[in-house]
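Report on the structure given below.
Values in this text are rule-based calculations from the coordinates and carry no lab data. The shown structure was predicted, so the numbers you read here are calculated from the model rather than taken from an experiment. Quick reminder, even Gly has a Cβ in these numbers, built from the backbone with ideal geometry, and neighbours come from all protein chains shown.
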Amino acid sequence: MGILTNYSPDFVDVIFNGITITGFADGTFIEVEREVDTFTKKVGSLGDVARTKSLNKSGKITITVMDTHPVNDALATVISNDEQDAQSFGAFSMKDRSSNTEVRATEAWCMRVPKVTRAQATANVVYVFEAASIFIHHGGSVI
């Protein structure tokens, strides 16, 4: 017999620099990935394999929100402040309360001002953050 598991997007909590990010767009609304592979390999002429561990734990966080949501004002202020003082980076965290999945970064910043689009219907705003070091834990369902 199979195992019944649950997921709910409203159980995903995202915080950047003290701002609780909500107003996620339909579809994929958050993606987190490391910049480089954890290990690289080198194969010798006789088939021996050596692997080298990367100490680079930096990465990228992409968040997509609805363009009509007030969270855009808060994020725009942080981005503008960071352009002015280069001090408005901050902690990032994502916790999925329906699983043990969690992401943490102590030093994250928005890579660029998001693109502005307007059309007949509402659109999305895509924020791309970089982080000096990202902890990622994929967990299974807990509800």
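Convert each backbone phi in the range 36-51 into a coupling constant with the Karplus relation 6.51 cos²θ - 1.76 cosθ + 1.60 (shift: θ = phi - 60°), then list the ³J(HN,Hα) values in order as whole Hz, x for Gly and Pro.
Values, residue by residue: 10, 5, 5, 10, 10, 10, 9, 10, x, 5, 9, x, 5, 10, 10, 10 Hz.
How about residue 41: which lysines have a C-alpha closer than 30 Å to its C-alpha, ignoring those fewer than 8 places off in the same chain?
53, 57, 60
Report the gain in length on full extension from residue 102 to residue 143: 0.36 nm times residue separation, minus Cα-Cα distance, nm rounded to one decimal. Intermediate values should be presented prior to the final figure.
Details: separation 41, 0.36 × 41 = 14.76 nm, distance 1.54 nm.
Gain on stretching residue 102 to residue 143: 13.2 nm.
Within the range 93-108, find all residues whose amide N lies under 15 Å from a label point positioned 7 Å from the Cα of residue 13 along Cα-to-beta-carbon.
Counting backbone N atoms under 15 Å from the label point, the list is 93-105.
With springs connecting C-alpha atoms under 10 Å apart, model the chain as a Gaussian network and identify which of 51, 104, 34 has the largest mean-square fluctuation.
51
With label points built 7 Å along Cα→Cβ from the Cα atoms of residue 74 and residue 36, find their separation and express it in nm.
The modelled label-to-label distance comes out at 3.5 nm.
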